[in-house]
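The block underneath contains the structure these notes are about, expressed in structure tokens.
Derivation of every value follows stated rules applied to the coordinates shown; laboratory data play no part. Not measured: the values here are computed from a predicted model. Virtual Cβ from ideal backbone geometry, glycine too; neighbours counted across all protein chains shown.
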Amino acid sequence: MALRTYVINRAADADRWAYVTESVKPHFDLELTRFDAIDGRADGFRISDHLPPGSQLSIKTPALVNKCAEAAILLSHAHCWHKVLNGPDEYALIVEDDVAFQEPVVELSNTLSDGFTFDLIFCNRRMILFRRALPNDDVLPQCLYLDEFHSRMVATFPAEEFETKRFNKQGRLPNGVGFDAYVVSRRGAEKLLELFEQLPEQFPVDNWAYAVSLDVSDFRRSQGHPRGFAKISDLLRPDRPKLDTYIFNRIVALSAGVSVLPSVREVRTDIGRRTKLAGG
């Protein structure tokens, strides 16, 4: 059975949709479904106007344009979770529109069809590279549980080395974990939407998904964190649903990056600078 794949893509970015579709080889067996991405740069953008069906979330719309674009990315993902929850499939692959599918997508699809139980599986480049920083990663499970991954990182590397591995003892991830390719199950989509309703404020979707997936409590505030990740954990509810989250061992969708294709993740601020947002 073909792996249903939601591609988050703005109508204005037809070239990006073409880029994704052209990377699908016949034996990949993917059923692509385009989701018309929410545009946080549109005039009059408000979070409340773009909530997924049934959502009662009430948080402020950011004043800054780049933060509105960041919120739009989160909202677009939430709509895809709603589609998975109410769709015909037990799970689906969700990607952003700057990726090209890679050969391991076949291996991932086979793993899923074998009945592997999960809520969320990261299969994007950044998370796989983080995982490969672990010693003996090649002997670890094909799908590594996120709590085990994080605990291994904390136990393996002294604090001064964590910055070079993009981690430190407080769990900071200075460049974000990325959320440009992941698989979510129907059960996982339901949990993510429940967690979405508990959002106290808007966060980058990738760092938020990482934080809500962890059982460990070693995140601390850090005023200098460039992604605003540090306070997410402090604001999470202790009774939140627990996600069974894993990291695949091979890159399934490779991000081309904003230098190759302009993205919904790049916005022009009111002073004319280009600002790259987290998660790509």
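Pulled fully out, how much extra length does the chain show between Asp147 and Ala11, if you take 0.36 nm times their separation in residues and subtract their Cα-Cα distance?
On the way: separation 136, 0.36 × 136 = 48.96 nm, distance 3.74 nm.
That pair, Asp147 and Ala11, stretches by 45.2 nm at full extension.
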*Can you check what the net charge comes to around Cys123, using other residues whose Cβ is under 11 Å from the Cβ of Cys123 (Lys, Arg +1; Asp, Glu -1)?*
+2
_Distance between modelled label sites at Glu107 and Glu201, nm, 7 Å Cα→Cβ extension_ = 4.1 nm
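Kindly identify region 1-121 as rounded, prolate or oblate by the Cα gyration tensor criterion: order the square roots of the eigenvalues as a ≥ b ≥ c, call it rounded if a/c is under 1.5, otherwise compare a/b with b/c, prolate if a/b is larger, else oblate. Write out the running numbers ahead of the final one.
Numbers: a/c = 2.69, a/b = 1.59, b/c = 1.70.
Here region 1-121 falls in the oblate category.
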*Can you give me the Cα centroid spacing of region 21-41 and region 54-72 in angstrom?*
25 Å
_Share of alpha-carbon pairs per 10 Å distance bin for region 22-85, given as whole %_ = 19, 43, 23, 12, 2
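Between rounded, prolate and oblate, where does region 61-108 land on the alpha carbon gyration tensor, with a ≥ b ≥ c its root eigenvalues, rounded for a/c under 1.5, else prolate if a/b exceeds b/c? List each step's numbers first, then the result.
Numbers: a/c = 5.10, a/b = 1.59, b/c = 3.21.
Oblate, since a/c reaches 1.5 and b/c is not below a/b.
What ranking, highest mean first, results for peptides 60-68, 41-49 when packing means the other Cβ atoms within 10 Å averaged over each residue? Spell out each step's value before the answer.
Numbers: 60-68: 15.4, 41-49: 12.9.
With the highest mean Cβ count within 10 Å placed first, the list reads 60-68, 41-49.
FRET efficiency for Thr117 and His27, Cβ-Cβ distance as r, R0 = 25 Å, nearest 0.05?
Values: r = 26 Å, r/R0 = 1.04.
FRET efficiency, Thr117 to His27: 0.45.
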*Once label points are set 7 Å from the Cα along Cα→Cβ at both Arg237 and Gln56, what is their separation, rounded to one decimal in nm?*
1.0 nm
